[in-house]
Amino acid sequence: MSQWITVLGATGSIGSSTLDVVRRHPARYRIYALTGFSRIAELVSAAIEFGPRFIVVPNEVAAEQARGLLTQAQQDCQVLMGEEALARVASDPEVDMVMASIVGAAGLVPTLAAATSGKRVLLANKEALVMAGPLFMQAIRDNGAELLPIDSEHNAIFQSMPVNYSGDFDEHGIEKILLTASGGPFRNKTKTELLNVTPSQAVAHPNWSMGAKISVDSATLMNKGLELIEACFLFNCRADQIQVVVHPQSIIHSMVQYNDGSVIAELGQPDMRTPIAYGMAWPERIDAGVKHLDLFDIARLDFVQPDHDTFPCLNLAKDAFERGGIFPAVLNAANEVAVAAFLTEQISFLAIPELIEQVMQACPEKTVTCLDDVLGADRWAREQANALLPSYLLDC
């Protein structure tokens with residue numbers, strides 16, 4: 001029997017890779033809904049190929065465009081719009097699993113809706129855990145949902161953990177998680193060399209094909225900071241139980257160190273179809289269309305310490321997690337504002353962590369008891385970051 005999948009963020013790199021895996025297994029998976037934000041023609045093209053019942057777009061303008069293209073193609077597919085529609089297609093009783101790959105805070109509500117509806121949640125939206133980790137994990141537990149991490153690093157950790165991992169490091173003889181990072185395009189740069197880097201240089205990742213925002217996060221190492229927070233929630237551990245290891249080849253996707261001296265690692269090509277296929281079929285394994293590793297071609301694997309002084313975002317993220325409460329949500333929101341400003345060439349690359357740190361310094365101590373607390377912190381941080389933005393603007 002086929003399983004029905006909703007793909008949140010179908011036109012992004014993760015969404016496209018998910019559809020490629022589905023394409024390889026048409027008898028096993030069917031698309032229930034596809035969602036997209038700006039690439040409406042691409043979204044409709046995917047709908048024509050995969051025949052979902054619904055597509056979800058952000059507004060009426062996008063909906064009219066989608067309806068016109070669907071009519072022209074004589075494709076029977078209902079067009080929905082807005083945040084409520086995202087939550088609807090993520091929680092519908094007919095849906096078996098949800099690929100949560102909407103970038104940023106916008107993915108939180110529909111991903112949480114999937115969790116509270118007891119779905120298999122394929123989590124590629126790290127912000128859902130960064131912003132609302134305790135709430136999200138509680139929703140998974142309370143509603144019998146399955147959580148499969150899709151980020152290559154967390155997927156590798158998941159594979160390297162004991163099958164029956166209880167959430168207790170000591171019980172399973174685990175000493176620490178070794179979270180790998182490629183180092184991004186500026187791995188060997190000094191702060192002086194980073195003064196005038198451009199958005200096009202920042203998004204040119206040496207190993208992975210990703211969207212602009214996550215590529216900049218990789219360049220600043222904020223992506224690794226967000227992944228550290230995500231790993232703490234996923235695997236119920238402290239920040240000091242995670243060691244970030246810069247591994248430029250991106251062949252080892254992460255490792256788990258045990259108290260008997262063993263280190264278990266997951267290796268593979270830097271291709272997101274591998275963790276996607278693993279999450280979709282778990283506990284089985286299916287063909288993902290990924291080329292196998294040739295260890296003789298690779299020849300060497302390098303590992304170095306991250307440069308915390310040149311790339312302070314890693315420490316900012318660790319600090320946000322350790323302070324808890326609304327700090328992770330504030331960190332994420334301030335980062336989204338800063339990265340957007342950098343991508344539009346309003347601020348410099350080095351201004352990104354400076355703006356984030358200033359917002360965090362102004363953040364009040366506040367616990368999180370419900371989703372409104374998280375969303376309120378997100379709004380506050382965006383307002384604060386935008387208010388501070390003029391002092392970082394580049395001269396025209």
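Seen from all directions on average, the chain presents a Cα convex hull projection of 20.0 nm². Over the chain, Cα pairs under 8 Å with separation of 6+ residues give a relative contact order of 14 percent.
Each of the peptides 273-286, 355-368 was scored by the mean count of other Cβ atoms within 10 Å over its residues; in descending order, highest first, they stand as 273-286, 355-368. The orientation-averaged shadow of the Cα convex hull for region 306-396, equal to a quarter of the hull surface, comes to 6.0 nm². With R₀ set to 35 Å, the beta-carbon distance separating D395 from A212 gives a calculated FRET efficiency near 0.90.
Across all directions, the average projected area of the convex hull around the alpha carbons of region 190-297 is 9.6 nm². Within region 147-161, which residues have the backbone N less than 18 Å from the label spot 7 Å out from Q241 along Cα→beta-carbon, could you tell me? Only 149, 154-161 pass the distance filter. Each semi-axis of the equivalent ellipsoid for region 1-145 is √(5λ) with λ an eigenvalue of the Cα gyration tensor; in descending order they amount to 24, 17, 13 Å. Extension gain, D294 to L371: 0.36 nm times the residue separation minus the Cα-Cα distance gives 23.1 nm. Dipole magnitude for the chain: computed about the Cα centre from +1 point charges on Lys and Arg Cβ and -1 point charges on Asp and Glu Cβ, it is near 660 debye.
Note: region 148-223, Cα convex hull, 115 Å³ per residue. A simple count of charges around V330, restricted to other residues whose Cβ falls under 10 Å of its Cβ and scoring Lys, Arg +1 and Asp, Glu -1, yields +2. Charge tally for R382 (other residues, Cβ to Cβ under 14 Å; Lys, Arg +1; Asp, Glu -1): -3.
Placing unit charges on each Cβ (+1 for Lys and Arg, -1 for Asp and Glu) gives region 276-396 a dipole about its Cα centre, and among L314, A381, Y392 the Cα reaching farthest toward its positive end belongs to A381. Given L69, C370, P134, which one lies farthest toward the positive end of the charge dipole of the chain, if we put +1 on the Cβ of every Lys and Arg and -1 on the Cβ of every Asp and Glu? Of L69, C370, P134, it is L69. Rg and Dmax over the alpha-carbon atoms of region 252-307 stand at 13.9, 39 Å.
Given +1 at the Cβ of Lys and Arg, -1 at the Cβ of Asp and Glu and no other charges, the dipole of region 239-290 around its Cα centre is 120 debye to the nearest 20.
Rounded to the nearest 500, the helix-only mean residue ellipticity at 222 nm of the chain stands at -13500 deg cm²/dmol, with each DSSP H run of n ≥ 4 adding -39,500 (n - 2.57). The label point for Q75 and the one for S200, both projected 7 Å from the Cα toward the Cβ, are 3.2 nm apart. Kirkwood radius and radius of gyration were both taken over the C-alpha atoms of region 40-95, and their ratio Rg/Rh is 0.95. Listed cross-link partners K191/K224; K224/K366; K176/K224; K213/K318; K126/K213 are compared with a 23 Å cut-off, the Cα-Cα value being larger for K224/K366. So for the chain, taking the charge dipole from beta-carbon charges (+1 Lys/Arg, -1 Asp/Glu), which of I298, F342, N196 sits furthest toward the positive end? The one lying farthest along the dipole's positive direction is I298. The loop-placed GluC sites (Glu not before Pro) in region 188-237, going by DSSP, that have at most 15 neighbouring Cβ atoms within 10 Å of their Cβ come out as E193.
Model label points for R379 and S2, set 7 angstrom from Cα along the Cα-to-Cβ axis, are 4.1 nm apart.
Note on region 301-319 and region 362-396: Cα centroid distance 24 Å, given to the nearest whole angstrom.
Looking at the chain as a GNM with Cα springs under 10 Å, which of P206, P353, P149 has the largest mean-square fluctuation? Taking springs between Cα atoms under 10 Å, the residue moving most is P206. Pairs of Cα atoms nearer than 8 Å and 6+ residues apart set the relative contact order; for region 240-359 it is 20 percent. Each other residue within a Cβ distance under 14 Å of H25 adds +1 if Lys or Arg and -1 if Asp or Glu, for a net charge of +2.
Laboratory data are not the source of any read-out in this text; all were calculated from the coordinates shown. It should be emphasised that the depicted structure is a prediction, and the values quoted were computed from it without experimental measurement. Neighbour counts are summed over all protein chains in view; Cβ atoms, including those assigned to glycine, are modelled from backbone coordinates with ideal geometry.
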